[in-house]
Each structure stands twice: as structure tokens, then as C-alpha cells.
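S.K.: The structure's right below; bear with me while I get my questions together.
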Protein chains: 2
Amino acid sequence: MAASSPPDPPRLRRTAGDRRAQLVRIGLELLPTTPVQELTIDEVARRAGISRSLLFHYFATKREYYTAVTRAAADLMLEHLLPPPGTSREEQVAGMLDRYVGWVETFRESHLAFVRGAGGGDPWVAEVYEETRERLVQVALTALELPDDARRRQLVLAWFAFTEDLVGSWADQPTMGRPELLALLRDVLDRLDVRT
Amino acid sequence: MAASSPPDPPRLRRTAGDRRAQLVRIGLELLPTTPVQELTIDEVARRAGISRSLLFHYFATKREYYTAVTRAAADLMLEHLLPPPGTSREEQVAGMLDRYVGWVETFRESHLAFVRGAGGGDPWVAEVYEETRERLVQVALTALELPDDARRRQLVLAWFAFTEDLVGSWADQPTMGRPELLALLRDVLDRLDVRT
DNA sequence: TAGCTTGTTGAGCGTTGCTCAGCAAGCCGG
DNA sequence: CCGGCTTGCTGAGCAACGCTCAACAAGCTA
């Protein structure tokens, strides 16, 4: 009796691009439940139905892998936040703020994972996070029609931290209405740039 | 010829308390250069001149160890920030703010490590961080003579995030004078609680 | 000195990041 | 149909690390 194991499905051979995309996608799916750096190669490979070795064919080190995942997450968020072309300058900031709150409300877990992973000590991940913030501050300063000097950058970045923290805890425990939250954030930002 | 290795110094036997303290101290020394969670048992044990096994005698798991280290770091900072008894309420906030900036200036690396480690995905470490923030917000609200409702807590916590971020980048690149920085931070805080 | 407590160790196991030699799927020219 | 080439892919295995366990030994007390 050839009571053999379930017939291994014929080995599937993908193009390099497909495989890479699949692996990054799996990483993104795992992000909400696992801090990026704690993704295990075993788990990812298992989900992809490939051997550990293959993952190292596409990403030389584990770090290179989860950096790619982080970058993908950042790109998703940026794509969602950036104002569509043709928006008036005034509406740009309001729109981004509104979409940001929406983003946090919708992808609470994933977003927390992204922000957390950012702080998580790994310089590579932190760099991706910084890049994202830099791109956002750039857009914000342009939309506000403010010159972009070091000082203003610092203030806007700190305001991002303020916003991130407040929106995060607000999503957990809504102590005010959504419009009020938006107005408050906007107001703090406006007051900040008034000073010199 | 007994060309033996250097005569092992007679084994030193410490009290449990001493050993624990030594291990935590070593962790604190390593903090500035290594994210807490990436401390390796090997390294710590080597520095302490003991075997890996002994560390597990005092801390059941690695996580328990680095949580203890994190808590020690938090306690050091709190001890430095909390206003000495006999300070007037008004001076308390100003004093804490001033000492916080000084703390960041002096222990830049360590403090960054603490803040980073906090975000780093590990729930236990995050909890220690949250506890610290909660204690600080408590002191702040009392000093400001403000009722401590959920909403105000959120706002003050978000202001902490603002402060942390701004002081951090300011220490890297001082775009204003120290007094101006302090005034700005204080001003933002004051304006926040005015609303409602 | 015997005996107890407890600080301490070494050997070893399972997991995980990573390497390397080589297999095999799919396409080509003949 | 065949040989050969490219390249996606695998399995065995190593080193590092977290963690366990049985046993040793330092120092106290009776």
C-alpha cells in the first residue's frame, strides 16, 4: 500500500518580483500582531510555503527584510495621507489631518505597530520612520506657505509627536468629538508657527 | 612545567541583593549603546564575571531582566525630575521642565535609549514607560492645580510627547536659546489647559 | 567537624539567523 | 526529442542565544 503523504502540489516557481512582493505582503499582514523585528524567518517562510533559505535569497539579512516591510507600511500611509493634486493649499493641511485621524481609527493596530517599531531601537527602521516624518513636514510647510528653516521643522515635527500621541489615546478613549479634536490639533499647529 | 593559566581569583560569593544590584547596574551601563531588548545574557554575565546560569537564578527570563533594567532607568529619571519637598506649586512645573531639559542634555544617549526602548514593541517595557508618564502627569496636574480628568490627562501626555520630541531634536541642533525653549514649552502647556 | 543553606557552575537542549553546495523548473537552440 | 543554460529553490548544517537541570562548594551555625 503506497499510503503516501498527501501528494505534494507540484512545486510552484514564481518570478523574482512576485516572490519579493509576496514576502513583503506577508510581513505587512503580520505587522499588527508582531513587532517588525520579532518577525521570524521561519514563520514568514512557512506562510509563503517556501524554505527559509529562499527568503535569504531575496533579502540578505533579516534586518533587510523587515526594513523592506517597514518601508512598505510607510509608503502605504504616505500614499493615503498626501493630498491629491488640485487641492487648495488651505485644504491640504486640513485634509491630511482628517485622513490621518481616519487612518489611525481604521488601522489602529497596524499603525501602532509602525510607530512602535520605529522607536524600537533599530537604526534602520528608525531611519525609515524619520524619512516618512521628513516627507510629511515638507508637505506641511509647503501647504502652510511657510519657509522651511531648521527651527520650524523642529516645531512641526514635535507637533507630529503631539498629534500621534493624542490621536492614539483619543482613539482608545474618545474624550471629545472628532471635529473638536481636529480643531484642537489645527489650532495648536497654527499657534506654534505664529511665534517668530 | 605548570605553565598554567592565570590563577583564577578565588571565587567571590556575593549576597543575593548585591548580585542583583550589580546585574542591573551593568544593564544600565550598557543601555546607552544597546537597545534594552538586545542585551545578551552572555555579555552581561561576562561583564559580571559570572556564568549565564546565575543570571537566570536572579531573573527567570531575559525579559524579566531587561524590564528590571528599564524600571531602574525610569526610577533614576523620576528621582531627578520630581520636585523636592517644599517647592511652591508654581515653581514645581518650571523646575521639572528645567531639570528635564538638563537631564536630556546630560544623558542624551541613555535617555534616547530609554524612550526608544519604550516604544520597542515589548509590552512589559512599554508598561514601565507608561507608568512613568502616568506618575509625571499626576505630579504635573497637581502642581498646576488642575482637576485630573481623562481629557486633561490625554492633553498633558500628548504635551509630554511634544516636549520629548522637541527637546530631543533641540539638543541635537539648538535652534533657539535654552530660556526660549523653556518658555515655549511652558506656554504651549498653559494654552492647552485653557481650552475648556 | 558535621551539616545546612544557598550562591554558583557546566553540560546540554531547542530555536533562530544565516551559509552553502547542489537540485530542478522552465526555456532555448539544435 | 535532446542537451544545456539560467535561475528559482531546497536541505543539511553551523553558530549564537535563551533557558534548564543536576550537582558543586562557600560560608554560616551547632
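S.K.: Rounded to the nearest 0.05, what FRET efficiency do A:E109 and A:R135 have when you use their Cβ-Cβ distance and R0 = 35 Å?
M.R.: Working: r = 23 Å, r/R0 = 0.67.
In this case the efficiency is close to 0.90.
S.K.: Suppose the chain between B:S88 and B:I41 were pulled fully straight at 0.36 nm per residue; how much longer would it get relative to their current alpha carbon spacing? Mind showing how you got there, number by number?
M.R.: On the way: separation 47, 0.36 × 47 = 16.92 nm, distance 4.56 nm.
Stretched out fully, the B:S88 to B:I41 stretch lengthens by 12.4 nm.
S.K.: Could you give the nm distance between label points at A:H57 and A:R99, where each point is 7 Å from its Cα heading toward the beta carbon?
M.R.: 3.8
S.K.: While we're here: If I take every Cα pair under 8 Å that is 6 or more residues apart in chain A, average their sequence separation and divide by the length, what percent do I get for the relative contact order?
M.R.: Working: 125 pairs, mean separation 39.5, N = 196.
For chain A, the relative contact order is 20 percent.
S.K.: Which whole-number percent of Cα pairs in the protein assembly as shown have a distance greater than 40 Å?
M.R.: Details: 20194 of 76636 pairs.
So the pairs more than 40 Å apart make up 26 percent of the total in the protein assembly as shown.
S.K.: Projected onto the charge dipole of chain B (+1 at Lys/Arg Cβ, -1 at Asp/Glu Cβ, origin at the Cα centre), which of B:F59, B:L192, B:F107 gives the Cα projection farthest towards the positive end?
M.R.: Most positive-ward Cα: B:F59.
S.K.: Can you tell me how much longer the chain between A:A48 and A:E29 gets when fully stretched, taken as 0.36 nm per residue apart minus their C-alpha distance, in nm with one decimal? Write down the numbers at each step before the final one.
M.R.: Details: separation 19, 0.36 × 19 = 6.84 nm, distance 1.19 nm.
Gain on stretching A:A48 to A:E29: 5.7 nm.
S.K.: I've got another one for you. Over chain A, with a single point scatterer placed on each C-alpha, what log10 of the ratio I(q)/I(0) does the Debye formula yield at q = 0.11, 0.14 1/Å?
M.R.: Debye output, listed in q order: -0.61, -0.87.
S.K.: Which value, in debye to the nearest 20, gives the size of the charge dipole of segment A:16-194 about its Cα centre, when Lys and Arg are +1 and Asp and Glu are -1 at the Cβ? All intermediate terms of the calculation are to be shown ahead of the outcome.
M.R.: Numbers: 21 positive and 28 negative charges, 124 e Å.
In debye, rounded to 20, segment A:16-194 gives about 600.
S.K.: Point me to the residue of chain B whose C-beta lies closest to the B-onto-A rotation axis, rounding the distance to whole angstrom.
M.R.: B:G119, 1
S.K.: Shifting gears a bit: 7 Å along Cα→Cβ for the label point: how many nanometres lie between B:R186 and each equivalent label in the other copies, listed shortest first?
M.R.: With the label placed 7 Å along Cα→Cβ, B:R186 yields 3.2 nm.
S.K.: Would you mind calculating the gained length between B:D149 and B:T15 on full extension (0.36 nm times residue separation, minus the Cα-Cα distance), in nm to one decimal?
M.R.: Working: separation 134, 0.36 × 134 = 48.24 nm, distance 4.56 nm.
So the chain would gain 43.7 nm between B:D149 and B:T15.
S.K.: Based on the mean of other beta carbon atoms within 10 Å per residue, what is the order of B:79-89, B:135-145, B:48-58, most packed first? Can you show the working numbers first?
M.R.: Details: B:79-89: 11.6, B:135-145: 16.2, B:48-58: 14.1.
Per-residue Cβ counts within 10 Å, averaged per peptide and sorted highest first, yield B:135-145, B:48-58, B:79-89.
Read-outs: derived from the displayed coordinates by stated rules, not from any lab. Since the model is a prediction, treat every value here as computed from it, not as a measurement. Glycine also receives a Cβ, built like all others from the backbone with ideal geometry; neighbour counts cover every protein chain displayed.
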